Amino acid sequence: MGTVQEQRETPANAALQSGLTPRKILVTGGAGYIGSHTVHMLLAQGHDVTVVDNLSKGHRHNVPAERLHELNLSDTAALVRLMREKQCEAVIHFAAFIAVGESMREPARYFINNVSGSLSLLDAMVQAEVKHIVFSSTAAVYGNPHTTPILEDFPIQAVNPYGESKVMVETLLGWFDPIHHLTSVCLRYFNASGCDPDSLLGEEHEPETHLIPLLLRAVQTGNPVTVFGDDYPTPDGTCIRDYIHVNDLAQAHILAVEYLIGGGTSEKFNVGTGTGHSVMETIRAVETVTGQKVPYVVGTRREGDPPSLVASSNKLRERLGWSPRYADLRTIVEHAWKFASRK
Ligand SMILES: NC(=O)c1ccc[n+]([C@@H]2O[C@H](COP(=O)([O-])OP(=O)(O)OC[C@H]3O[C@@H](n4cnc5c(N)ncnc54)[C@H](O)[C@@H]3O)[C@@H](O)[C@H]2O)c1
């Protein structure tokens, strides 16, 4: 059996047949959760994709072997060679460490990997004359916003090194545009979730820190999951988050690449559905989908967890014509459950 992508890759002329121009795109972190879904969608649309991933967190089985280049972002010279050889037109940059709690314990690892790694990539892009980048930013750049829905012009005030590392890369991009004419789209995602219903791709973080896979794991193992606080100022006392389907995120990246290649100026966009769901609502959705009770215990609040994080994605909808296909929580959970129960 080949990889997920090999089984489903469409002919290279698929993009032409559908009226799209095939693009040569470098994807960093393409063996990870969101990256692999985006690579899958790009290949299905007929684009020519080169993946860079050091497999520190991602999975070899997520990417066709001939697409994968096992490289660290820090290897500037190798990135230059690869981008020149593949004649890349744009980069989609997912590669980063992503765990907020770990970043509070080991900030240096986060700043080195996420900031120095991105700087090495930007340096390589300048040398190889690649002019466009779509960057995985995060709702964490807003810290603890006082109101929702969150707009792109809300104050930037990260409250942990992970979020700060993303703020720093956004700042770097702000300098590379006027100096090197390198245009960027920063996509500030809210809670990526679900998986592609038609492939074998899914969420396989280790350790897993995201709510939906943890709830599904609790159902499967019987080991209770901890709900961090039920005394927040929300209707049921638990935190509210905006769950965005990973395929809708992938689509936003492809639209952003087209926007930049088409001459669009540097921008920052939120990516969420605009609807928030509490932890308890998410537990109920998992119980409905699985037909089983979710074992859970209520613990204390986690430091730095804002009560509610919900995006306004109006700017992305209006400017890039994006709209989520799988906006309801139940569908997201159904897709995640299909993956979790595949064995
Ligand atoms: N998952 C979410 O809910 C979420 C929310 C907001 C933002 N993001 C951002 O989206 C991006 C992707 O997240 P994900 O959930 O897919 O994470 P992931 O851990 O599944 O994927 C990240 C990938 O990057 C690779 N990588 C890390 N450092 C590297 C380096 N120095 N060189 C080469 N490869 C490297 C890893 O091996 C992994 O395959 C990250 O930048 C993350 O900060 C994720």
Using a Gaussian network model of the chain whose springs link C-alpha atoms within less than 10 Å, name the residue from Asp230, Asp198, Asp123 with the highest mean-square fluctuation.
Asp198
What nm distance separates the two modelled labels at Tyr296 and Glu85, each placed 7 Å from Cα along Cα→Cβ?
4.8
Sketch the reach of a paramagnetic label on Glu281 as a point 7 Å from Cα along Cα-to-Cβ, and name the residues of the range 307-337 whose backbone nitrogen lies under 15 Å away.
307-312, 327-333
Which one of Val49, Ile244, Leu73 is farthest out on the positive end of the charge dipole of the chain, using unit charges on Cβ (Lys, Arg +1; Asp, Glu -1) and the Cα centre as origin?
Val49
Net dipole in debye of the range 180-290 [+1 Lys, Arg Cβ; -1 Asp, Glu Cβ; about Cα centre; nearest 20]
240
Just check the range 177-243 against the gyration tensor rule for me: Cα atoms, a ≥ b ≥ c as the square roots of the eigenvalues, rounded for a/c under 1.5, and otherwise prolate or oblate depending on whether a/b exceeds b/c.
oblate
Between Asp305 and Glu208, what is the label-point separation in nm under the 7 Å Cα-to-beta-carbon projection?
1.7
Indicate the gyration tensor shape class of the range 127-202 (rounded, prolate or oblate), computed on the Cα atoms with a ≥ b ≥ c the square roots of the eigenvalues: a/c under 1.5 is rounded; otherwise a/b larger than b/c is prolate and the rest oblate.
oblate
How big is the dipole moment of the chain about its Cα centre under a simple scheme where the beta carbon of each Lys and Arg is +1, that of each Asp and Glu is -1, and everything else is neutral? Debye, nearest 20, please.
300
So what's the angle, to the nearest 10 degrees on a 0 to 90 scale, between helix 279-290 and the longest Cα principal axis of the chain?
90
Calculated FRET efficiency for the pair Gln157/Asp177, C-beta based, R₀ 35 Å, to 0.05:
0.95
Set of lysines near Lys293 by C-alpha distance (under 21 Å), chain-local residues within fewer than 8 positions excluded:
Lys338, Lys343
Alpha-carbon Debye profile of the range 295-343, log10 I(q)/I(0) at 0.13, 0.18, 0.23, 0.26 Å⁻¹:
-0.62, -0.93, -0.97, -0.98
Given R₀ = 45 Å, FRET efficiency for His146-Glu66 by Cβ-Cβ distance, to 0.05?
0.35
Out of all DSSP beta bridges with both ends in the chain, state the antiparallel percent to the nearest 5.
5
Set Lys and Arg Cβ to +1 and Asp and Glu Cβ to -1, take the dipole of the chain about its Cα centre, and tell me which of Phe111, Val169, His40 lies farthest positive.
His40
Nearest 10 degrees, 0 to 90: helix 329-340 Cα axis against the chain principal axis
80
Expressed in µm² per second, the diffusion coefficient of the chain from the Stokes-Einstein equation, with Rh the Kirkwood radius over alpha carbon pairs, at 25 °C and 0.890 mPa s, is 121
Summing -39500 (n - 2.57) over the DSSP H runs of n ≥ 4 in the chain and dividing by its residue number, what mean residue ellipticity at 222 nm do you reach, to the nearest 500 deg cm²/dmol?
-11500 deg cm²/dmol
So, R0 is 25 Å and r is the distance between the beta-carbons of Arg325 and Asp236; what FRET efficiency does that work out to, to 0.05?
0.35
Which order, highest average first, do 29-36, 89-96, 166-173 follow once you tally other Cβ atoms within 10 Å for each residue and take the mean per peptide?
29-36, 89-96, 166-173
Cβ-based charge dipole, the chain, positive-most Cα from Ser199, Gly304, Val126
Ser199
Rounded to the angstrom and largest first, Cα extents along the principal axes for the range 225-287 equal 48, 24, 17
Give the order of Arg301, Arg23, Arg342 when sorted by the count of other beta carbons within 10 angstrom, beginning with the fewest.
Arg342, Arg301, Arg23
Taking a threshold of 20 Å on the Cα-Cα distance, which of the pairs Lys57/Lys166; Lys24/Lys166; Lys268/Lys315; Lys166/Lys268; Lys131/Lys268 fall above it?
Lys24/Lys166
Working from Cα positions, state the angle (0 to 90°, nearest 10) between the long axis of helix 211-221 and the longest principal axis of the chain.
60
Using only Cα atoms, locate the centre of the range 160-210 and the centre of the range 227-250, then give the distance between them in Å, rounded to an integer.
19
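Only the coordinates and a few stated rules stand behind these numbers; no lab work does. Fair warning: this is a prediction, and the values are worked out from it, not measured in the lab. All Cβ positions, even for glycine, are placed from backbone atoms using ideal geometry, and neighbour counts span all protein chains on display.
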